[in-house]
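To start, the structure itself, in structure tokens.
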Amino acid sequence: MNAPPCPESTVLTDAAITLRPWRCEDAAAMYEAVRESMASLAAWLPWCHADYGLADAQARMQACREGWAQGELFAFAVLDGDGRLQGSAGLSQINRLHRSANAGYWLRASAQGRGWASRALMQVARFGFEQLGLIRVEVVAEPGNVASRRTAERAGARAADAAVYSLVPSDLAPP
């Protein structure tokens, strides 16, 4: 894998949206976007909950900066043509051995349905391939999250590889 580029000089853009690394001063805008979008995001994103506050957004900004510096998280603010924050997209779960990562994305409620999430996904995937030297970007979406699955498909991703099962402690039968 390649060394990560400097976040200050990293800007991804296409005809509709711009992605740039999160900045500390984005916390209030992120908080606003998350609060607007509680109804559409909370079912799928565990960090998006009724008690989500500005301190959570501030902590996320710090985690994004630290994750970038450590090469473990490449999170971008998704901006519209007017520079207004519309959501987030990024790469996490970086696997250097297999040169792969997971992609994630979300958009504020008022920005959904415009194709921006699939555009953002394509941009972060391209960033992963071209800047980080990845050979695979995966999207993990819950089966019921039809919007996320369609976003991945519109970006060119294909359902592949495995059925995933999980166990949590309460699933285990007593010995």
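The values are calculated or read from the model by the stated rules, or taken from the named source; none is laboratory data. Since the structure is predicted, the reported quantities are computational estimates derived from the model, not experimental observations. Reconstructed Cβ throughout: ideal geometry from the backbone, glycine too, with neighbour counts over all protein chains shown.
State the number of residues belonging to segment 142-163 that are touching a residue at least 24 places away in the same chain (Cβ under 8 Å) and of a type in the set (A, V, I, L, M, F, W, C). Qualifying residue count for the region: 4. Criterion applied to 55, 43 was being more than 27 Å from residue 134 (Cβ to Cβ) and modelled with pLDDT under 95, and the one residue passing it is 43. Would you mind stating whether residue 124 is closer than 19 Å to residue 72 by Cβ, exposed (fewer than 13 other Cβ atoms within 10 Å of the Cβ) and in contact (Cβ under 8 Å) with a residue 12 or more places away in the chain? No; evaluated as a whole, the condition is false for this residue. For segment 1-59, filtering for residues that are farther than 24 Å from residue 113 by Cα, acidic (Asp, Glu) and outside any loop (DSSP other than H, G, I, E, B) leaves 3. Only residues that are buried (at least 17 other Cβ atoms within 10 Å of the Cβ) and without any contact (Cβ under 8 Å) to a residue 60 or more places away in the chain were counted in segment 99-121, giving 9.
Comparison of 96, 60 shows that the only residue that is surrounded by 17 or more Cβ atoms within 10 Å (Cβ to Cβ), of a type in the set (Lys, Arg) and within 28 Å of residue 136 (Cβ to Cβ) is 60. Residues being touching a strand residue (DSSP E or B) at 6+ places or on another chain (Cβ under 7 Å) and either without any contact (Cβ under 8 Å) to a residue 40 or more places away in the chain or among the β-branched types (Val, Ile, Thr) (or both) are represented in segment 83-92 by at least one member. Name every residue in segment 145-158 that is surrounded by 10 or more Cβ atoms within 10 Å (Cβ to Cβ) and not β-branched (Val, Ile, Thr), in order of residue number. Selection gives 145, 147, 148, 149, 150, 152, 153, 154, 155, 156, 157.
Taking strands (runs of 3 or more DSSP E) as the structural unit, those lying wholly within segment 62-175 and holding at least 1 residues that are of a type in the set (Gly, Ala, Ser) and under 15 Å from the mean Cα position of the chain (by Cα) correspond to 74-79, 85-95, 100-107. Taking the stated definitions as given, is residue 173 modelled with pLDDT under 95, surrounded by 14 or more Cβ atoms within 10 Å (Cβ to Cβ) and of a type in the set (A, V, I, L, M)? No. The lone criterion from (1) over 15 Å from residue 12 (Cβ atoms); (2) surrounded by fewer than 17 Cβ atoms within 10 Å (Cβ to Cβ) left unmet by residue 129 is number (1). Of the residues examined, residue 37 is one that is crowded, with 19+ Cβ neighbours inside 10 Å and of a type in the set (Ser, Thr, Tyr).
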